[in-house]
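What follows is calculated from the coordinates using simple rules that are stated; it is not laboratory data. What you see is a predicted model, and the numbers here were worked out from it, not measured in a lab. For neighbour counting, all protein chains shown are included, and Cβ atoms are generated from backbone atoms with ideal geometry for every residue, glycine included.
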Amino acid sequence: MSYWLVKSEPFKYSWDQFCKDKVTFWDGVRNYGARNNLKSMKKGDEVFFYHSNEGVEIVGIAKVAKEFYQDPTTEDAAWVVVDLKPVRKLKKPVSLETVKKDKRLANMDLVRLGRLSVQTVKPEEWEIILELAGEK
């Protein structure tokens, strides 16, 4: 299993709305690096849900429900989506400030590639974030 992080601005698509929807396709990705990460996702992979711009924190965990397919919001075949479903809200959100202060996470994509909307998360980073969220 692989781990990922996806970003969404809460005023556009929040964790609460995601939970109400129960499943969504992750559309609108228009960066090749992020698109390649979508293409690498496998059904069952776990995904951190990150509120960007306001809140700037990891708020929940999702799972990949369906692997990549053509983005239905565009006819351009270069762009894809995956289906995600919410698993649970974190006990305690983990802020970007907390992530940046933790030396163990200095090489995390969230720190190094701040603008990338779909990111990889190493297994050891996943465990540290869960620890910071009070999940362990």
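First check a/c for segment 15-57, with a ≥ b ≥ c the square roots of the eigenvalues of its C-alpha gyration tensor; if it is under 1.5, answer rounded, and if not, answer prolate when a/b is larger than b/c or oblate otherwise. Working shown, then result.
On the way: a/c = 1.81, a/b = 1.25, b/c = 1.45.
Oblate shape, in that a/c is at least 1.5 and b/c is the bigger or equal ratio.
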Around residue 66, which amide H atoms from residues at least 5 apart in sequence, or from another chain, sit under 5 Å from its own amide H, with H modelled in the peptide plane? 83
Would you mind calculating the gained length between residue 23 and residue 1 on full extension (0.36 nm times residue separation, minus the Cα-Cα distance), in nm to one decimal? 5.9 nm
0 to 90° range, to nearest 10: angle between helix 123-132 axis and the chain longest Cα axis: 60
Taking amide H atoms as placed 1.01 Å from N in the peptide plane, list the residues 5 or more away in sequence, or in a different chain, whose amide H sits under 5 Å from that of residue 52. 8, 9
Place a label point 7 angstrom from the Cα of residue 76 along the Cα-to-Cβ direction, then list the residues of segment 1-34 whose backbone nitrogen is under 20 Å away. 7-9, 25-34
Stretch residue 31-residue 100 to full length: gain in nm at 0.36 nm per residue minus the Cα-Cα span? 22.5 nm
Restraint check, 43/101; 7/103; 66/101; 85/122, Cα-Cα greater than 30 Å: 43/101; 66/101
Just to confirm my numbers, what's the Cα centroid distance between segment 50-103 and segment 115-136 in Å? 11
Could I have the simple spin-label model distance between residue 124 and residue 112, label points 7 Å from Cα toward Cβ, reported in nm to one decimal? 1.3
Among [x] 42, 26, 26; [y] 42, 30, 29; [z] 45, 37, 31, the value of Cα extents along the principal axes in Å computed for this structure carries the label [y]
A correct Karplus calculation of ³J(HN,Hα) over segment 16-23, with 6.51 cos²θ - 1.76 cosθ + 1.60, θ = phi - 60°, whole Hz and x for Gly and Pro, returns 4, 5, 4, 5, 5, 6, 6, 7
Return the aspartates and glutamates within reach of residue 91: Cα separation strictly under 13 angstrom, same-chain partners fewer than 8 residues apart disregarded; answer none if there are no such residues. 57, 131, 135
